[in-house]
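Worksheet: one structure, shown below.
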Amino acid sequence: MLPQHRWFWILILVACGGAGLLYNILFAGGATPLAGLTYGLAVGAAGLAFDRGLILAGLQTRMRRLPAMLYVPAAELAYVLMIAIGIAFGGLVVWTLGLTNDDLATAVKITPRVLAYSLAVSALLVFVVRMRDLIGGEVFVNFLVGRYHQPVREERIFLFLDVVGSTAFAETHGDLRAQAYLSAVFATLAEPVRRNAGSTDDYIGDLAMITWPMARGLKDARCVACVFDVLDRIEAEAEAWQARFGTVPRLRAALHGGSVVTAEVGVDRHKIAYFGDAVNVTSRIEALCRPLQTEILISQDLLARLPALPPGITARSLGAHTVRGRGQPLSVATLERTAPAAPEAGPTDEAVPSRVAAGRR
C-alpha cells in the first residue's frame, strides 16, 4: 500500500465501523454502540485483508483464474466466510470486554440478517476499492476531490518503462499470449511503484507511464529506486518467467521531470491527462535508449535536481543529443549499478603460498 494513501484504508475501516453503528441503531436498539463499532471494524478488517491478499492469497489467485460464471459465486462464498470470521472475532472481543449480555456462543454467531447487511455493505465498499484499483489510487482521489477539474500547472517526474521485444513476442506466440505476457509484466511493476510512492497513470501499448509530484519523486531518489526495484524483482523471478513465457522481460526506462499542465479531460469517459514539454521529452529520451545502446536514461536536468542517487547506483554522462521536437540538444546520462570492489590481498594472502612453497623445497 502507498504510505501517502494509508488514510484511504483508514477511512474504509472507519466506514465499516460506522456501518456497524448504523446496524445497532436500525436493528439492535439499546445495544452498546461500542459493540456495533467493534463488529463493523472486525468484519471490515477481515474483508479488506482478504481482498488485498493479506490472508488466503492463494485462494484469491485461484479464484481469479475461474470463468466469470464460476468466479462470482466463488467470490460470494469467500466473502461470506470472511464475514463469519469477522463476526466471530468481533463477538469474542465484545464478549471479552463485557460489551454484551449475550453468552459467547450467541456473540460469535452470524444471523441471516447480519449476513445480508454485511454483504450489502461489503459489496459497496469493495466496489469503491475496485474503482480505486481500476483507475489508480492517486487518480481516484483526484477525481473525488475534483483537483484537476480546472487545469493545474505543476511539476512532475515521468518514468516511461517500455517492454523490449513485445512485438517479436506477439509475432511468435500470437496476440492473446502477448497480451497475457504484457499483463504479467505490468502486474510486476505494481509493488515497486507502490513502495516508491509512485502512480501508474497510463499504459500505452507496451509502455507504462509512471509519475510522481516532483518533491515526492525526488525524496530519497524514489524515481530512480523504482526502476532498479522493478529490475530486481524481474531478475529474482527469472526462472518463473522462463517457465511461464519462455523469456525474461527486458525493459527500457526513461526519466525526466518538469512543468506540465494537468487537467481532467473527456465527457463520456474522464481521464487525467498531462500536457507539456516534459512528457514529450521523456518519450524522446526513451527513444534514445536504442541508439545509445543502454536500457536506462535520465535527463541531466532531473539528475541535477536529485539530492543523491540510491546506494550502489551511479550516473554516467552520455553527452548532449539532438531530439525531434526540441530546439536545444538534450543532455542525458545512463544509470548503472556500482561494481563491487575487488577484495584487496592482505599480507597473509601472499605469505601463505610463500611458506607452502618454502616447505616444498
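Overview of values
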| quantity | calculated |
| --- | --- |
| Sorted peptide list for 156-162, 233-239, 245-251, criterion being average Cβ within 10 angstrom, highest first | 156-162, 245-251, 233-239 |
| Ratio of Rg to Rh over the stretch 158-254 (Cα coordinates, Kirkwood Rh, two decimals) | 0.99 |
| Magnitude of the charge dipole, the stretch 229-331, Cβ model with Lys/Arg +1 and Asp/Glu -1, debye to 20 | 360 |
| Distant-in-sequence amide H partners of residue 202 (H built 1.01 Å from N, under 5 Å) | 209 |
| Global geometry of the stretch 203-272, whether rounded, prolate or oblate, following the gyration tensor of its Cα atoms and the 1.5 cut on a/c | oblate |
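None of the figures in this text is laboratory data; all of them are computed from the coordinates on show. On a predicted model such as this, the values are computed, not experimentally measured, just so you know. We place every Cβ from the backbone using ideal geometry, glycine too, and count neighbours over all the protein chains shown.
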